[in-house]
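One structure is given below, encoded as structure tokens.
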Amino acid sequence: MTESGYMDRALEEAAAAAARGEVPVGAVLVDGATGAVLARAGNRTEELADPTAHAEMLAIRAAAASIGAPRLAGCDLYVTLEPCPMCAAAISFARIRRLYYGAPDPKGGGVEHGPRIFAQPTCHHRPDVYSGIGETAAATLLRDFFQARRG
């Protein structure tokens, strides 16, 4: 599968999150060697009453549980929105090889905006970062979701 194919799966998760009333962010975690999808998730912060239930966190937890290890070296994460600082730190701790994300998040991002977690001298692992994959579709999902909520 191609990078855009994995991002399409993340966008499906984001759309499902929006249908549940969650902020439409989706994530897919892939074994970089085999291309196998290890986990996929959408935001569930409202449903689970858990402020840490971001799509990236849920996908990282599920993939780590499925392989029985806290490190996901060699794995790639596809997410529809630039990860927040919490998720960026988790990506670093999990030793994820590559991060692909769609839309930038100037207000809440933690990768190329805000605290830029991977650029900090205290960051022990920096994934390769690729942005803009599926950006238009991801941004449209987010914009439509928030416009509908404003009425």
Tally Lys/Arg at +1 and Asp/Glu at -1 over every other residue whose Cβ is under 12 Å from the Cβ of Met7; what's the total? -4
Provide the net charge surrounding Glu82, with neighbours chosen by a C-beta distance below 11 Å and charges set as Lys +1, Arg +1, Asp -1, Glu -1. -2
Accessible area per residue for region 80-141 in Å², computed with a 1.4 Å probe and the full protein assembly in place, what is it? 47 Å²
Share of the chain's accessible area from carbon and sulfur, percent, 1.4 Å? 54 percent
Normalised by the empirical 2.2 N^0.38 Å for globular proteins, what value does the Cα Rg of region 57-123 take? 1.07
Rounded to whole Hz, the Karplus (6.51, -1.76, 1.60) HN-Hα couplings of region 102-114, x for glycine and proline: x, 7, x, 10, x, 7, x, x, x, 9, 10, 10, x
5 Å-binned pair-distance histogram of region 28-85 (Cα, whole percent): 4, 20, 29, 24, 15, 6, 2, 0
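Starting from the alpha-carbon convex hull of the chain, give the projected area averaged over all orientations, in nm².
The Cα convex hull of the chain, projected and averaged over all directions, gives 8.3 nm².
The values are calculated or read from the model by the stated rules, or taken from the named source; none is laboratory data. On a predicted model such as this, the values are computed, not experimentally measured, just so you know. As a convention, Cβ positions derive from the backbone with ideal geometry for all residues, glycine included, and neighbour counts pool all protein chains shown. Note: accessible area is taken over every heavy atom of the protein model, side chains too, but ligands, DNA and RNA are not part of it. Shrake-Rupley method; radii C 1.70, N 1.55, O 1.52, S 1.80 Å.
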